[in-house]
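S.K.: Right, I'll just put the structure down here and ask away after.
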Amino acid sequence: MDLQLSVVKGAKVLMVGAGGIGCELLKTLALSGFQDIHIIDMDTIEVSNLNRQFLFRQSHVGQSKSKVARDAVLKFRPHVSIKSYHANVKDPEFNVEFFKQFNVVLNGLDNLDARRHVNRLCLAANVPLVESGTTGFLGQVTVHVKGRTECYECQPKPAPKTYPVCTITSTPSKFVHCIVWAKDLLFAKLFGDKNQENDLNIRSSDGASSSENVVDVFERREGEDIDDYGRRIFDHVFGYNIELALSNEETWKNRNKPKPIYSKDVLSDELAQQNGNVVQDSATDDGLSVSAMSSLGMKNPQDIWSLSENSRIFFESLRLFFMKRGKEIGNLSFDKDDQLAVEFVTAAANIRAASFGIPLHSLFEAKGIAGNIVHAVATTNAIIAGLIVIEAIKVLKNDIKSYRMTYCLEHPTRKMLLMPVEPFEPNESCYVCSETPLLLEINTHRSKLKDFVERIVKAKLGMNLPIIMQGSNLLFEAGDDLDEDMIANYEANLEKVLAELPSPVTSGTMLTVEDLLQEFTCNINIKHREEFDEEKEPDGMLLSGWTQPVSASEKEKEDKSINNGANSSDVTVEAVEDETGVVAVGVKKRRISETSEVAANAAADETNHKQYQVIDDEDDLVVLDGNSDAGNKRKRMQ
Amino acid sequence: MAEPKVKYDRQLRIWGEQGQAALEKSSICLLNSGPTGSETLKNLVLGGIGSITVVDGSKVEEGDLGNNFMVDESSIGQSKAKCVCSFLQELNDAVKAKFIEEYPEELIETNPSFFSQFTLVVATQLVEDSMIKLDRICREANVILIFARSYGLAGFVRISFKEHTVIESKPEHFLDDLRLNNPWPELKSLAEGIELNVQDPVAHKHIPYVIILVKVADEWAKSHGGALPSTREEKREFKELIKARMRGQDEDNYKEAIEASFKVFSPQGISSDLQQIVNDSSAEVDSNSSDFWVLVAALKEFIANEGGGETPLEGSIPDMTSSTEQYVNLQNIYQKKAEADIVAIERRVRSILKKIGRDSNSIPRTTIKSFCKNSRKLKICRFRLIEDEFNSPNLPELQKYLTDEDFSTAVGIYILLRAVDRFAANYNSFPGQYESAMEEDIPRLKSTASGLLNDLGCNGATLAEDLINEMCRFGAAELHAVAALVGGIASQEIIKLITRQFVPMSGTFIFNGIDHKSQLLSL
């Protein structure tokens, strides 16, 4: 116990994230004797945090999480040194040198991107990382020590779901497609950055009329009445665009045709008038508290609105954006805590769903889908924070043999609610901690350097400030301190296809990509490939050796049906049987409790460990068995 | 939008408005407000529990500052119950918080009727003697009781309640209720009206897989004397049969049918778990029966009569490739059958209520509906009196745990947690509580533990020396990290019990912080 106290007292720890886990963690650290705690969080406090982030009160809403958390703990434990940073952990000030000052880093983050970033910095700075995540009653704590255990990226992580563009723009078949359309296309088009690329019209109109004309359609004209503008937008996206899409008969040969909806069909004049009148009464609110629901007198977010109600919300929320929040237009991005934005997106998604014969959903449900909302309760965070501290103390004592990855289950399985697993060895083919080269198949005559930077370097490799080199030739570099010649040079390179770069990139070329902030380098072997499947490989390129599962999104439905049956052993066997020889089992998403039996097996038999991995993007807490080796996966069905 | 809805948004997504309403109606009593107890309550207060009453007779001491976040330097010398209570109140002003400055042990002795006013009592850091007495009181008053204890790196949580029944057990995986191998007449005739060999390729690739499976299952049964595919080989053949009808690789509906074919293989009728519930003697209802058992009695009659051996149909169908028209048709047929089943159950419920002399409308329709939807997933949890477990544990289990490498530490902790209470009764302090006595405490604890094992009938069983030493080193300390974890587990179970959703853990939960293990012992 003495040793424990001295390592704890002398330790300097970095906490990343002051949210659900962070609040619990900061308190538990302070009460476990930690004296020097640094905490980074870029977020401010929201009302929906208050059911679990117990260091925050109603009066703190809008203030910095890291700062309020610090003050709250200091009030009770004035002798602890806590330094708070209201900043993004990806900011350049948090470089490798910064990380090196800590004895251990504790993550309580809510997104994959930041987790990967911190993982790389911890590797570069050689500081142990204790990683955690929760969703609902599920949670996990894992330990990552360079060279000793696997790093956070050694096992596949589910990438955020993506859908083929044409499913979103032309042929939605599920409600989520309508949400993505409403949120990422329509909302972004009307209220977001006008210069952003947006597919809203491209596919649904025929080539010629796309770009220029279309931009005008969405722009509110000089002096145009707001209600007229709303109706014009409505008729354009739900009426005209659908008609246009219908004119392409090929698309509908094997599909059910959507039905165009015009504002005159859903709103009587009277209703439309009334709409405007109601609003004048509730004109006092400002900013985020403006709500179309309250100005229309609708209270229950769990109600499913009719088509006409959705249309009224659509007009009303559009109106309110222009009347009350005009200044923000052009800079808005969707935020799940922005009531008016959620109302607009719900209504637009429902109207589109109605058009395509897809069942409508309530605002509560739509908000959950649109915001990737994670179920969250205080209880799980408390459990997980307790485990993090116990694990952090082991790390500080260098008690390697006792390190555990711990999973918290919803339903006790094999008499266990917490499931400990010994950490795995580093994955020798991990491109992050073992520097194994990746392979990229790409059409070098068609893809531009820009596409490579956006779709691979940033989106897949999670780099923020990349340098791209072929041998010793610099092709591209990001950063603030470049001189103008270089910027112009790189800009020109970005627009070139790979094979026509000053030092051409063709089949067999090896590119080196480096992120200076993360001090992370990786090599990519290029292989030319002519054709890509638009549905399955929407990027037009394929990276392998990287950690993304093949196609998590489209598999989901089938998974559910399979897993539904998993409580009967017969069925479980069936599910595997169906996958015989198919790599997909290795990458399928499974919720932790659905695999809990599997997981328990793993605990019982340590040789099996390699295959299980829980990943949490808060929303996506899943167990992946990361090893696609068909021989291995059998074991879990014993 | 109402503030509480926003504040509780993330948890409403787990237990819904009904669950939240149940929490807001409940009143919780906490015994002892050390870190384990106050952390348990903190999690419940944040979630919007109705009211809390903190019972603790002690004053805040310097040492409390080291492990209890809810007291600070200014609290020293004041009532701990009061300080903890005022901290908790600050977390959520919708909660009614009060405190009683009295030692729980005394309250148990002098005022047993005090406990009957609560929905649930959380008893933390109690020693064995008080646990047993309190358990009897709560059992008598039909109050839910949950024990939680942190002891060094060890933790203990145990629920005690006569009977907890769950309609919304929310299992993570459950087979869809599709009746593919036992279709009712309307589904059968819908399937018969659809031709699998339809010429039109668009129609062919839009036949919902439910229909495909009903038809192929029927075909199979006809050629196999009414039996379903049961062997591996037969199941493979069954899939081949479907595959043979596929016209092209792009027919998603057929792919879905093949993947879902296991749904045909599950046996008809009700599960053995459910069979056990309907056979339970409580299903013979009288005027004292709870609503749950009245519903089970109706279910039992339904299964034996119009249900034809099956439960009421759930009524929903999963997403599948289909033309909208056929999907809607199918949906309607499932819904209609589900509604008819609800009506049948409701009729039986009303008549049973009348028969046992209760108001025939005393169970609302919404409850009956939810019961029908979840009738395949009903759960009953019964907990032994802690006294019975302590005096006559399930001996074969206990012996198994003692020799099973996986369980030996957990059961060791369980035995030692009881042994330290005996120790304390004999020596007036917990083992290792005073550094100076450590040397003599270790052998004393060892012999106390052996004595206990002998009393339980495990003569000659021993515990690992390491564990005994470790237990002494804990010196009865309540470490914050462990308390936070045990409090987290306890509050999570309390939420399950109060919302009547999910299945609370059965048995005695032991946390072993030495190697992060947690296990349930069924003793």
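Where a number appears in this text, it was derived from the coordinates with a stated rule and is not lab data. None of the values given here were measured: they were computed from a predicted structure. Positions of Cβ are backbone-derived with ideal geometry, glycine not excepted, and every protein chain shown enters the neighbour counts.
S.K.: Could you give the DSSP H helices of chain B that reach 15 angstrom or more along their long axis (alpha carbon positions) and whose average Kyte-Doolittle hydropathy is no lower than 1.0? Provide the component values of the computation, followed by the final result.
M.R.: Details: long enough: B:9-25 (19 Å, -1.17); B:35-46 (16 Å, 0.04); B:80-91 (17 Å, 0.48); B:128-141 (20 Å, -0.62); B:209-223 (21 Å, 0.75); B:232-243 (16 Å, -1.97); B:291-304 (20 Å, 1.41); B:324-355 (46 Å, -0.66); B:408-427 (27 Å, 0.72); B:438-455 (25 Å, -0.59); B:480-499 (28 Å, 1.24).
Result, helices passing both filters: B:291-304, B:480-499.
S.K.: Averaged over peptide B:472-485, how many Cβ atoms belonging to another chain are found within 10 Å of each residue's Cβ? Walk me through the intermediate numbers first.
M.R.: Working: counts 0, 1, 1, 1, 0, 1, 0, 7, 9, 14, 5, 4, 14, 11.
Per-residue shielding by partner chains comes out at 5.
S.K.: Using just the helices of the protein assembly as shown, give the 222 nm mean residue ellipticity in deg cm²/dmol: DSSP H runs with n ≥ 4 each add -39,500 (n - 2.57), and the total is spread over all residues, rounded to 500. Numbers along the way, then the final one.
M.R.: Details: 46 runs with 488 residues, N = 1161.
About -12500 deg cm²/dmol.
S.K.: Then there's this: Taking square-rooted eigenvalues a ≥ b ≥ c of the alpha carbon gyration tensor, is the range B:272-381 rounded, prolate or oblate, where a/c under 1.5 means rounded and, failing that, a/b exceeding b/c means prolate?
M.R.: Working: a/c = 2.63, a/b = 1.91, b/c = 1.38.
In terms of gyration-tensor shape, prolate.
S.K.: Then there's this: State log₁₀ I(q)/I(0) for the range B:74-224 at q = 0.13, 0.14, 0.18, 0.21 Å⁻¹ as given by the Debye formula over alpha-carbon point scatterers of equal weight, solvent excluded.
M.R.: -0.75, -0.84, -1.23, -1.34
S.K.: If you count, for each residue, the other Cβ atoms within 10 Å and average over each peptide, how do B:79-86, B:322-329 line up from highest to lowest? Numbers along the way, then the final one.
M.R.: Numbers: B:79-86: 23.5, B:322-329: 16.6.
The densest-packed peptide leads the list: B:79-86, B:322-329.
S.K.: Report, for chain B, the % of DSSP beta bridges that are antiparallel, rounded to 5. Working shown, then result.
M.R.: Values: 21 of 41 bridges.
In chain B, approximately 50 percent of DSSP beta bridges are antiparallel ones.
S.K.: Could you list, in their original order, any pairs among A:K189/A:K450; A:K146/B:K400; A:K174/B:K255; A:K336/B:K170 whose Cα atoms are separated by more than 29 Å? Mind dumping the intermediate values first?
M.R.: Details: A:K189/A:K450 23 Å; A:K146/B:K400 40 Å; A:K174/B:K255 19 Å; A:K336/B:K170 27 Å.
Violating the 29 Å limit, Cα to Cα: A:K146/B:K400.
S.K.: Taking the DSSP beta bridges in the range A:1-96 as the whole, what percent of them are antiparallel, to the nearest 5?
M.R.: On the way: 1 of 11 bridges.
If I count the DSSP bridges inside the range A:1-96, around 10 percent turn out antiparallel.
S.K.: For the protein assembly as shown, what are the per-bin percents of Cα-Cα distances with bins 10 Å wide, up to the bin holding the maximum?
M.R.: Result returned by the calculation: 2, 9, 16, 21, 22, 17, 9, 3, 1, 0.
S.K.: Pairs of alpha-carbon atoms within less than 8 angstrom and 6+ residues apart define the contacts here; what relative contact order does chain B have, in percent?
M.R.: It rounds to 20 percent for chain B.
S.K.: Let me ask you something else. Choose one of B:F99, B:Q20, B:N68: the residue whose Cα lies farthest towards the positive end of the charge dipole of chain B (beta-carbon charges +1 Lys, Arg; -1 Asp, Glu; about the Cα centre).
M.R.: Toward the positive end, the furthest listed residue is B:Q20.
S.K.: Towards the positive end of the charge dipole of the range A:438-544, with charges on Cβ (+1 Lys, Arg; -1 Asp, Glu), say which of A:L440, A:T521, A:M463 has the farthest Cα.
M.R.: A:L440
S.K.: B:S58 to A:A488: FRET efficiency via 1/(1 + (r/R0)^6), r the Cβ-Cβ distance, R0 45 Å, to the nearest 0.05? It would help to have the intermediate numbers written out before the result.
M.R.: On the way: r = 74 Å, r/R0 = 1.64.
So, using R0 = 45 Å, E works out to roughly 0.05.
S.K.: Kindly write out, for the range B:198-203 in residue order, the coupling ³J(HN,Hα) from the Karplus curve 6.51 cos²θ - 1.76 cosθ + 1.60 (θ = phi - 60°), rounded to whole Hz, with x marking Gly and Pro.
M.R.: Along the range B:198-203, the couplings run 3, 5, 3, x, 5, 4 Hz.
S.K.: Provide the net charge surrounding A:P301, with neighbours chosen by a C-beta distance below 10 Å and charges set as Lys +1, Arg +1, Asp -1, Glu -1. Present the calculation step by step, with values, prior to reporting the outcome.
M.R.: Numbers: positive: A:K299, A:K367, B:K5; negative: A:D303, A:E343, A:E365, B:D9.
Net local charge, A:P301 excluded: -1.
S.K.: Using a 10 Å cut-off on Cβ atoms, rank the peptides B:371-378, B:231-238 from the highest mean neighbour count down. Walk me through the numbers on the way to the answer.
M.R.: Numbers: B:371-378: 22.6, B:231-238: 14.0.
Listed from highest to lowest mean packing, they are B:371-378, B:231-238.
S.K.: For labels at A:E243 and B:S447 in the simple 7 Å Cα→Cβ model, what's the distance in nm?
M.R.: Modelled inter-label distance: 9.8 nm.
S.K.: How high is the relative contact order of the range B:212-331, in percent, counting Cα pairs under 8 Å that sit 6 or more residues apart? Please list the in-between numbers first.
M.R.: Values: 71 pairs, mean separation 24.5, N = 120.
About 20 percent, as a whole number.
S.K.: Round to a whole angstrom and tell me the spacing of the C-alpha centers of the range B:256-278 and the range A:92-137.
M.R.: Going from one Cα centre to the other spans 46 Å.
S.K.: Towards the positive end of the charge dipole of the range B:182-271, with charges on Cβ (+1 Lys, Arg; -1 Asp, Glu), say which of B:Q199, B:F262, B:V214 has the farthest Cα.
M.R.: B:F262
S.K.: Something else now. Taking the Cα-to-Cβ direction at B:S74 and at A:D199 and moving 7 Å from each Cα, how far apart do the two end points lie in nm?
M.R.: Taking the simple label geometry, B:S74 and A:D199 are separated by 5.8 nm.
S.K.: Also, quick follow-up: Please state the charge dipole magnitude for chain B, taken about the Cα centre, from unit charges on C-beta atoms (+1 on K and R, -1 on D and E), reported in debye and rounded to the nearest 20.
M.R.: In total the dipole reaches around 1780 debye.
S.K.: Quick one: what are the phi-derived ³J(HN,Hα) couplings along the range B:53-66, Karplus 6.51/-1.76/1.60 with θ = phi - 60°, whole Hz, x for glycine and proline?
M.R.: Values per residue, Gly and Pro as x: 10, 9, 10, 7, x, 8, 9, 5, 10, 3, x, 5, 5, x Hz.
S.K.: Further, regarding this structure: Ranking request for peptides A:501-508, A:50-57, B:123-130: highest mean number of other beta-carbon atoms within 10 Å first, then the rest in descending order. Intermediate results must be reported in sequence, preceding the final value.
M.R.: Values: A:501-508: 15.1, A:50-57: 24.0, B:123-130: 21.0.
In decreasing order of mean packing, A:501-508, A:50-57, B:123-130 become A:50-57, B:123-130, A:501-508.
S.K.: From the square roots a ≥ b ≥ c of the eigenvalues of the alpha-carbon gyration tensor of the range A:472-532, which class results: rounded (a/c under 1.5), prolate (a/b over b/c), or oblate? Present the calculation step by step, with values, prior to reporting the outcome.
M.R.: Values: a/c = 2.42, a/b = 1.35, b/c = 1.79.
Because a/c hits 1.5 or more and a/b fails to exceed b/c, the range A:472-532 counts as oblate.
S.K.: Which percent, nearest 5, of DSSP beta bridges in the protein assembly as shown are antiparallel? Before the final figure, lay out each step's value.
M.R.: Working: 63 of 104 bridges.
Counting only bridges with both partners in the protein assembly as shown, antiparallel ones make up about 60 percent.
S.K.: When all C-alpha to C-alpha distances in the range B:185-265 are sorted into bins of 10 Å, what percent of pairs does each bin hold, rounded to whole numbers?
M.R.: The distribution over the range B:185-265 is 18, 53, 26, 2, given as percents.
S.K.: Quote the charge dipole size of the range A:438-544 about the Cα centre in Debye, to the nearest 20; the model charges only the Cβ of Lys and Arg (+1) and of Asp and Glu (-1).
M.R.: It works out to roughly 420 debye.
S.K.: Grab the beta carbon distance between A:S507 and A:S472, set R0 = 25 Å, and tell me the FRET efficiency rounded to 0.05. Write out the running numbers ahead of the final one.
M.R.: Values: r = 21 Å, r/R0 = 0.82.
Once the sixth-power term is evaluated, E becomes 0.75.
S.K.: Between A:M15 and residues 5 or more places away or on another chain, which pairs have amide H atoms under 5 Å apart, with H built 1.01 Å from N, and which residues are they?
M.R.: The answer is A:H38, A:I39, A:I40, A:L106.
S.K.: Treat each spin label as a single point 7 Å out from the Cα along the C-beta direction, and report the B:L385 to B:E325 distance in nm.
M.R.: 6.8
S.K.: For peptide B:46-54, what's the mean number of Cβ atoms from other chains within 10 Å of each residue's Cβ?
M.R.: Mean number of neighbouring Cβ atoms from other chains: 2.
S.K.: Could I ask something else about it? From the Cα gyration tensor of the range B:442-516, with a ≥ b ≥ c the square roots of its eigenvalues, which class applies: rounded if a/c is under 1.5, or else prolate if a/b is larger than b/c, or else oblate?
M.R.: Working: a/c = 3.34, a/b = 1.70, b/c = 1.97.
Oblate, because a/c is 1.5 or more while a/b does not exceed b/c.
S.K.: Per residue of B:172-179, how many C-beta atoms from partner chains lie within 10 Å of its own C-beta, taken as a mean?
M.R.: Across B:172-179, the average partner-chain Cβ count within 10 Å equals 6.
S.K.: Size of the dipole of the protein assembly as shown about the Cα centre, Lys and Arg at +1 and Asp and Glu at -1 on the beta carbon, nothing else charged, in debye to 20? Mind dumping the intermediate values first?
M.R.: On the way: 129 positive and 172 negative charges, 473 e Å.
For the protein assembly as shown, the charge dipole is close to 2280 debye.
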